[in-house]
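The structure appears below as structure tokens.
The values are calculated or read from the model by the stated rules, or taken from the named source; none is laboratory data. In this text, all values refer to a predicted model and were calculated from it rather than measured experimentally. We place every Cβ from the backbone using ideal geometry, glycine too, and count neighbours over all the protein chains shown. Areas reflect the complete protein model, heavy atoms only, side chains present, ligands, DNA and RNA absent. Shrake-Rupley method; radii C 1.70, N 1.55, O 1.52, S 1.80 Å.
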Amino acid sequence: MVPDAPEVQKPGGDGRPPRRLSKGMYILPSLFTTANIAFGYYAILQITHGTSADAWHYDNAAKAIGFAVLFDGLDGRIARMTGTSSDFGKELDSLADVITFGVAPALLAWMWGFGQLPSNLGELYNKLLQFGAIASFLFLMAGASRLARFNITSNPQPSNPGRPGKKYFVGMPIPAGAGVIAAVVHFSEGDPITSWWTAITWMLMVVAVGYLMVSTWRFYSFKDIDFRSRQPFQLVILFGLLFAAVRFYSKWVLFVIALLYVFSGVFWRLKWIFRRKGSPPPPPAYTAASQTS
């Protein structure tokens, strides 16, 4: 039996009975999730066509992942704003994230960072391909594990909580991890890595991003931004400037945003560590003095 749709009070307070929320509204967040999957599938197709001569395919894949990040943020917020959250939507969103922010960026990281290396590197070429594949797989597994932990944890707390709540994610979310990969590729305009030392640096970066996703470090969630506030004018100006900057300077803006978000989690972690080391030790536990006769 299909449960009844929740009732919402009709605005205006005219005393009329509350009207039921249209069942068609429940498909709205799923449409954004479907767009998320479509961009992930398109990114995979572009990656398979990418070569050193046609590097623009890698850039298109990175752009597709970036658009998917946008749609992924919209589907959850729209579901919460319209009161149409459902278990089906949550499961569909998780599966979409594994494809778009797990498989697609892992494949992009390997093909762009290692798949186009010159074969004249000798034995080092084979080693870089192998270790690059392992690093990309670790990124994929870290993202999938991050999603699984998020789904089963009712009230996660970061290891450096500060002010726990919906303001922070526990570990870097997988869309942000995929966004870092896509931002770096887009910054290079899709031109693949061709030097062995840059490939090693890229491998370490992919592993580091994977670690941040499964860590318990805190990252800002942006969930405390209220678009229904009485004074949204500042938000409109801010997002307008941001979209304009991305439109005309997408390489630099997205690259800087990705790096700032990564370093924000590292900053909060280091701040918590130094604050804990600098704080005075806790007083010893009280024990009653023994009675002597």
Residues in the stretch 40-54: is at least one modelled with pLDDT of 80 or more, of a type in the set (G, A, S) and open to solvent by 70 Å² or more (accessible area, probe 1.4 Å)? yes
Go through the stretch 74-116 and give me each residue that's in contact with a Pro (Cβ under 8 Å, 6 or more places away or on another chain) and within 22 Å of S195 (Cβ to Cβ). M111, W112, G113, G115, Q116
Quick check on my filter: what residues within the stretch 178-197 are in a helix (DSSP H, G or I), open to solvent by 40 Å² or more (accessible area, probe 1.4 Å) and either within 19 Å of D97 (Cα to Cα) or out of contact with any helix residue (DSSP H, G or I) (no Cβ under 7 Å at 6 or more places or on another chain) (or both)? W197
Unmet criterion (only one of (1) over 22 Å from K167 (Cα atoms); (2) open to solvent by 40 Å² or more (accessible area, probe 1.4 Å); (3) at pLDDT 85 or above) for A245: (2)
Of the residues in the stretch 132-171 that are of a type in the set (K, R) and not in a helix (DSSP H, G or I), the one that is modelled with the lowest pLDDT is R163
Mind listing whichever residues of the stretch 248-258 are open to solvent by less than 60 Å² (accessible area, probe 1.4 Å) and free of Cβ contacts under 8 Å to residues at least 12 places away in the same chain? V253
Taking the stretch 60-95 as the search range and keeping residues that are closer than 18 Å to F39 by Cα and of a type in the set (S, T, N, Q), which one is surrounded by the most Cβ atoms within 10 Å (Cβ to Cβ)? N60
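Of R269, R230, R275, which residue is modelled with pLDDT of 80 or more and within 24 Å of K167 (Cβ to Cβ)?
Numbers: R230 fails: modelled with pLDDT of 80 or more; R275 fails: modelled with pLDDT of 80 or more.
Every option except R269 fails the conditions.
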